[in-house]
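The values are calculated or read from the model by the stated rules, or taken from the named source; none is laboratory data. On a predicted model such as this, the values are computed, not experimentally measured, just so you know. Because the Cβ atoms are built from the backbone with ideal geometry, glycine has one as well, and the counts that use them run over all protein chains shown. We work out accessible area using only protein heavy atoms, side chains counted, and drop any ligands, DNA or RNA first. Shrake-Rupley method; radii C 1.70, N 1.55, O 1.52, S 1.80 Å.
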Amino acid sequence: MTTFDDAIAAPRARRARLRWEYVFAVLFWGVVLGLFAFWIFVWAKGGEDQASGFVWTNTAQVFQNIGRITALLGGYLALIEILLLARLPFLERLIGFDRLTNWHRWNGHAVLWLVLAHVVFSVWGYAKADQAFVPGETFGDKYWAYMTDGIFPGMILATIATIMLMAVAFTSYAAARRHLNYEIWYAIHFTAYAAIAMSFFHEVPAGNELVHNPRQAEYIWDAMFAATAALVIWYRLLWPIIQNWRYRLRVTEAVEEGPGVWSLRISGRGVHRYGARAGQFFFWRFVKHGFWYTQHPFSISEAPKGDSLRITVKALGDHTAKFSQLKVGTKVLAEGPFGVFTSDTRTRPKVLLIAGGIGITPVRALLEEFRGDVITVYRALAERDLLLRDEIDELVRRNGGKVEYIVGDHATPEGRRLLTPEHLHELVPDIEQREVYACGPPAMLALIERTLHRMNLHGRHVHIERFAI
């Protein structure tokens, strides 16, 4: 139960998170600038020594140098790419899974373009140096020669890794994702680990900055790869195995909430030690035929109680459509909890909760904790899509506050004004004085964010949880 008086520590916690964000930002950009400084030092050290290759007297050498710096930056950002979604608890608690996912997406684009720039400028530069470059004729021949003559170690592995990264990037676009089920998309993205691991066997042995200079640079690069691998192995493999062996989770109750909607209660030994909070989510895997090879994120749909957690799932795809097959006794593997969509972020006495569709699940859990002046706005296309409505009404009746059910389709004339700034201000006249929490599908949240921005509501008093990974 969280009143505003109970949440007075939230601003202090927010300031602590902000300080750590600044620390991470300084470290990140410090390494980027350090790479530039190191590269410039190596280049200056080479001077006019043609054997070093770090000169700018002709176009070929310019292209080669661009290829080298893009390789250094691309290799560094590739390690950052892994760590952003390595499910590091300390990082996730400070930043939040949603923001880390967004950073991961944009950082991934940077990695791909840097890698492609490295390939193009390096091959182009060396081909021009050998006076072998003719556009459209010898570029491919020169690249094939580099792959097979052994001058540059690991070229074949690096080429495979580049193709894998291109596949990951291509399937990240919305148009491509719509044609892939989650399992195939996840499997393709999982190959990014292998791609970055394979790149190591080209980066270190073939990197001029590492090979032809003091060995400390190579040792640092090796240590960065080793540390990243250790964190991934521990938090993505070993720690989940330990956690699931400790808690021994099973489905202990399965309730059909409505057509295609199921609530599962999952219990185990000492589940309270997870430290889960209302509003957070886990990655769930059910040990049953047709389920064990898939892992999906679902929010808990009520505040944790004793040694059990509850999730509520709506059939929206191939995986969730089969939830009726899950029976009491099914073993469950879980990773989490994740997310900062919790009452810890509350800094104002008045609260507005906005939910859309199945996004009501973390909001319904938060309703158990919040007290005081709390307004809940629940958006759905039709009455039948208002999930857990009886529970929400009971929580509002018991804890106070108000709930507004907004039903309608934006595609219809009468539904066009739903949750526009004018409509939202009619529902919540004092919205400017409220802490805002919003959760739902991406399209709805995009509308909500535009609406809030037009009302000059954004920044630290607005908390968004997207139901998309």
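Okay, here's what the table says:
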quantity	calculated
Long-range HN-HN contacts of Ser301 with modeled amide H, under 5 Å	Arg310, Ile311, Thr312
Accessible surface of segment 221-320 [probe 1.4 Å, protein heavy atoms]: carbon and sulfur percent	62 percent
Segment 209-281: projected area of the alpha-carbon convex hull, averaged over directions, in nm²	8.8 nm²
FRET efficiency, 1/(1 + (r/R0)^6) with R0 22 Å, evaluated for Lys331 and Arg273 via beta carbons	0.70
Cα convex hull of segment 275-433 - mean projected area over all directions, nm²	10.8 nm²
Under 5 Å, built H, 5+ apart or other chain: amide partners of Gly401	Val374
Quotient of Cα Rg and 2.2 N^0.38 Å for segment 204-342, N being how many residues it contains	1.42
In Hz, Karplus ³J(HN,Hα) per residue of segment 106-121 (6.51, -1.76, 1.60; θ = phi - 60°; x = Gly, Pro)	6, 5, x, 4, 4, 4, 4, 5, 5, 5, 5, 4, 4, 4, 5, 5
Solvent-accessible ranking of Arg348, Arg273, Arg417, Arg434, largest area first, probe 1.4 Å	Arg273, Arg417, Arg348, Arg434
Amide N proximity, segment 226-267 versus Ser324 label position 7 Å along Cα-to-Cβ, cut-off under 13 Å	256-262
Using θ = phi - 60° and Karplus 6.51 cos²θ - 1.76 cosθ + 1.60, couplings along segment 360-369 (whole Hz; Gly, Pro as x)	5, 4, x, 5, 4, 5, 5, 4, 6, 8
Residues Tyr173 and Ala37, FRET efficiency given R0 of 22 Å [Cβ-Cβ distance, rounded to 0.05]	0.05
Gain in span if fully extended, Trp292 to Val26, counting 0.36 nm per residue against the direct Cα distance	91.7 nm
Distance in nm between pseudo-label sites at Leu238 and Val396 (7 Å out along the Cβ direction from Cα)	5.0 nm
Note, ³J(HN,Hα) from phi for segment 84-101, Karplus 6.51, -1.76, 1.60, rounded to Hz, x at Gly and Pro	4, 10, 7, 6, 6, x, 5, 6, 5, 5, 7, 9, x, 4, 4, 5, 4, 5
